[in-house]
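Reading through the structure tokens given below for one structure.
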Amino acid sequence: LNYNNLLESVELITTDKGLGVSPRRITVSTAGIAKMIKKLGDNKVRFNLAISLHTASDSKRDVLMALNKKVKLAELRESIRYFYDKTGSRVTYEYILFKDLNNSIEDAQKLVQFAKVSPCKINLIEYNKIDGMDYKKASKKSTENFMSYLEEKNIIVNLRKSKGKDIAAACGQLVNKLQ
């Protein structure tokens, strides 16, 4: 949503006058604002794009991500296709596994169908308990089954192990301290 400043920041980080970091070593993450993903494609950006997806079901994504009430998965998927066609860059999907919410084989099947829009990789993320939230971490077995299903469908998948839980600083936990 802060598009011009985003591009300026990346420019500063990647130029010789800045830090000289390769754009391919930069990943910009978004909740999935379709029109802005298309704009990134139009600008033929060279950095990586990650999308916080967390489910390939509109009804479940409505619960997990308020943005989905405005930008449904079909529109998001179309913008990803557009981005890939313009840039040739594969997208990374971020997917937190929640017990009994988005970690079934049926959920994995929907994710595979969604992800077929372009070459991609999927980062599965373990959920970290946040005070006041009723979500639970998926079991090790269901995580392994989910991951195996994606691998069987020839999708690049990584399980991101959480660090910082012991000091309430793991992914997602810091927001709790800010409120």
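The values are calculated or read from the model by the stated rules, or taken from the named source; none is laboratory data. Small disclaimer: the values here were computed from a predicted structure and weren't measured. Note that each Cβ is placed from the backbone with ideal geometry, even for glycine, and that neighbours are counted across all protein chains shown. Please note that ligands, DNA and RNA were not included when accessible areas were found on the heavy atoms of the full protein model with its side chains. Shrake-Rupley method; radii C 1.70, N 1.55, O 1.52, S 1.80 Å.
Here are the numbers for this structure:
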| item | result |
| --- | --- |
| Answer residue from region 86-103, given it is assigned to a loop (DSSP other than H, G, I, E, B) and touching a strand residue (DSSP E or B) at 6+ places or on another chain (Cβ under 9 Å) and is nearest to Thr143 (Cα to Cα) among those | Asn103 |
| Residue within region 19-29 that is under 19 Å from Ser118 (Cβ atoms), open to solvent by less than 80 Å² (accessible area, probe 1.4 Å) and either in contact (Cβ under 8 Å) with a residue 40 or more places away in the chain or among the basic types (Lys, Arg) (or both) present | yes |
| Among (1) charged (D, E, K, R); (2) over 20 Å from Val157 (Cα atoms); (3) in a helix (DSSP H, G or I); (4) touching a residue at least 12 places away in the same chain (Cβ under 8 Å), the one test that Lys44 misses | (3) |
| Residue in region 98-142 that is nearest to Asn48 (Cα to Cα), counting only those that are of a type in the set (S, T, N, Q) and open to solvent by 70 Å² or more (accessible area, probe 1.4 Å) | Gln113 |
| Contacts under 9 angstrom Cβ, first residue in region 122-134 being within 27 Å of Leu150 (Cα to Cα), partner of a type in the set (Phe, Trp, Tyr) and part of a strand (DSSP E or B), 6 or more apart | Ile122/Tyr93; Ile122/Tyr95; Asn123/Tyr93; Asn123/Tyr95; Leu124/Tyr95; Ile125/Tyr95; Tyr127/Phe98 |
| Selection from region 55-71 of residues that are over 15 Å from Gln113 (Cα atoms) and not in a helix (DSSP H, G or I) | Met65, Lys70, Val71 |
